[in-house]
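Enquirer: Before I ask anything, here is the structure I am working with.
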Amino acid sequence: MNRLKKINTVIIGFIILLFSACVSTKPVAMNKIAFANNSVVAHRGAWKKNGFPENSIASLKHAIELNCTGSEFDVRMTADDSLVINHDPHYNNLEIEKTTYANLVKFKLTNGEKLPTLREYIKAGMENNNSTRLVCEIKPSEISKERGQIIATKVVQLFKELDAEQMVAFISFDYEILKKIRVLNPTVSTQYLEGNKSPEQLKADGISGLDCHFSVFKNHPEWIESAKNNNITLNAWTVNDAVDMDWLLANNFDFITTNEPELLLERIAQFKASYQDYKLVWSDEFDYSGLPDSTKWNYDIGGHGWGNNEKQFYLEKSIENSFVKAGKLHIVALKKPYKNSEYTSARLTTYKRFLMQYGKLEVMAKLPEGKGTWPAIWMLPETLRTKEEEWPLSGEIDIMEHVGKDPNVVHTSLHTELYNFWKKNQYTHFETLPDVFKEFHLYGIEWTSESIKFYIDNNLFYEATKGENGKDTTNEGWPFEKPYYLIINLAIGGNWGGEIDDSIFPSEMLIDYVRIYQKSSQNN
Ligand code: MG
């Protein structure tokens, strides 16, 4: 009995303790914060689609409605020390830093709203919102660095006063402003906008994020990895184009700042649907100049016709035939005699650089126009190079082939011992696209142990399935269960390329990027 009583006393005591702990907890001012699980930061709010003024409360409210993970706005200080929201240093031709709030507020925004103060803006941003960060850009003072420090102090104090510190991320082009914020509140998010400091430098100074123009990341692709390794958040601005959005999504950026939040939300939905569980394992964004990166690319060399009576000689490391410039790989065919050939060109491969078995592969490419051209994006297996197997037993995956004599007709095929173009029974599909010479298209495959799906611009173009219609499933019928390497080349003439129009040279294929994704269970 005594023992039971003792246990009861202990339990009751514990309950009382628990209860008093709960009661004494400081009441939470708002619902629990759960930032939206997307990377969309609406730049100056979500204004564009509805024609709201930038930096208006209407645009902030709409960013919250869209469930953006952040809504950005710009803070400046008036001559009489009021904090107001406006991007430009001027408002209605009045210099904000040299004009009183009373004189500025006489002018309405185009939607009839009053020029918002920071206090009004934060209050509006805290109403029914626990998922959209308030991304607060503190503009440097044009009067003095010291004034910038004063603005930073006042802004941080106001967020604290309004109990909004957990909702804010501070961004600035003024590094000293961010350092000041860090002193005032070491736990708040601070992101640097200028793009002239590496993630290591930011970390050393206690700045928590790198937030710069997306071109900075194309010039410093190594910063993406090092930011992740250093726990520095990644944000890119101002990204309004789907191709750039996709690149940032593929690189798993924390934030993407955009004037087109609706478009970015669509791209994210698309990305989630098609890249679920995939990780980028190999890529070349071609953000350098000169010869293709030799750690990623090899060359096939020679002018022997390549089994198709082709007319070009493929040269190694010939800067006029293969080079990277302004973000693109150029593969150029020239009418220029070399040994027994009348034309030179290039054939790049990832052999000995990257082999792939299963996963997604994407090549963003613009094709050359003109009779005699035969550009191809395709794959052959390692077993062919090691001479363990001969073609067509080895297998071949043709992601994209195009011959200039049939303009805009894009072909995709699989060749195997039993099903190949000699027998005219290969797995194949072709379609006419409207503009392969003018526009870049994304030519890709998704390859699993069961099928190879071919995509153009993320739309399914053709699917070949192991064993479909009673086809053989052994290596003779489906030799796609071993490592392959990628080939990108521009052939001239030959059995399929046909008659050559000599007026088309130089002729070039452009590649914007190559990306390979795999699931963690897939190896290469
Ligand atoms: Mg801004």
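Enquirer: Sort out for me the Cα centre separation of the range 174-198 from the range 57-86, rounded to whole Å.
Expert: 19
Enquirer: How much of GLU65 can a 1.4 Å solvent probe reach, expressed as accessible area in Å² and rounded to 10?
Expert: The accessible area comes out at roughly 140 Å².
Enquirer: When the helices in the chain are scored as -39500 (n - 2.57) per DSSP H run of 4 or longer and the sum is shared across all residues, what 222 nm value do you end up with, to the nearest 500 deg cm²/dmol? Write out the running numbers ahead of the final one.
Expert: Values: 13 runs with 124 residues, N = 524.
Calculated from helices alone, the mean residue ellipticity at 222 nm is -7000 deg cm²/dmol.
Enquirer: To continue, here is another question. Normalised radius of gyration for the range 40-276, please: alpha carbon Rg relative to 2.2 N^0.38 Å, two decimal places. Please report the intermediate quantities before stating the final value.
Expert: Working: Rg = 17.3 Å, N = 237, 2.2 N^0.38 = 17.6 Å.
For the range 40-276, the normalised Cα radius of gyration comes out at 0.98.
Enquirer: Between SER144 and LYS32, what is the label-to-label distance in nm when each label sits 7 Å out along the Cα-to-Cβ direction?
Expert: 4.8
Enquirer: How much of ARG147 can a 1.4 Å solvent probe reach, expressed as accessible area in Å² and rounded to 10?
Expert: Approximately 30 Å² for this residue.
Enquirer: Let me ask another. Testing the spin-label approximation: label points 7 Å from Cα along Cα→Cβ at ASN130 and GLU481. State their distance in nm.
Expert: 5.1
Enquirer: Still on this structure, I have one more. Please work out, to two decimal places, the log10 of the ratio I(q)/I(0) at q = 0.06, 0.09, 0.11, 0.13 Å⁻¹ from a Debye calculation in which every Cα of the chain carries one identical scatterer.
Expert: -0.42, -0.77, -0.96, -1.15
Enquirer: Let me ask something else. Taking a 23 Å limit on the Cα-Cα distance, which of the listed pairs LYS32/LYS61; LYS145/LYS218; LYS272/LYS296; LYS335/LYS366 fall beyond it?
Expert: On the way: LYS32/LYS61 19 Å; LYS145/LYS218 31 Å; LYS272/LYS296 27 Å; LYS335/LYS366 20 Å.
Where the Cα-Cα span goes over 23 Å, the pairs concerned are LYS145/LYS218; LYS272/LYS296.
Enquirer: Okay, moving on. For ILE492, list long-range residues whose amide hydrogen, built 1.01 Å from N in the peptide plane, is under 5 Å from its own amide hydrogen.
Expert: LYS311, GLN312
Enquirer: Count the net charge of all other residues whose Cβ sits under 15 Å from the Cβ of ARG385, scoring Lys and Arg as +1 and Asp and Glu as -1.
Expert: Neighbour charge sum, excluding ARG385 itself: -1.
Enquirer: Please report the net charge: other residues with Cβ closer than 13 Å to the Cβ of LYS519, K and R +1, D and E -1. All intermediate terms of the calculation are to be shown ahead of the outcome.
Expert: Numbers: positive: LYS279, LYS360; negative: ASP277, GLU446.
So the surrounding residues net to 0.
Enquirer: If you take the beta carbon distance between ALA79 and ALA204 as r and set R0 to 35 Å, what does 1/(1 + (r/R0)^6) give as a FRET efficiency, to the nearest 0.05?
Expert: Working: r = 37 Å, r/R0 = 1.05.
The value I calculate is 0.45.
Enquirer: Does anyone have the angle between helix 145-161 and the longest principal axis of the chain? Alpha-carbon axes, 0 to 90°, nearest 10?
Expert: Helix 145-161 sits at roughly 70 degrees to that axis.
The values are calculated or read from the model by the stated rules, or taken from the named source; none is laboratory data. On a predicted model such as this, the values are computed, not experimentally measured, just so you know. For neighbour counting, all protein chains shown are included, and Cβ atoms are generated from backbone atoms with ideal geometry for every residue, glycine included. Calculation scope for accessible area: heavy atoms of the full protein, side chains included, ligands and nucleic acids excluded. Shrake-Rupley method; radii C 1.70, N 1.55, O 1.52, S 1.80 Å.
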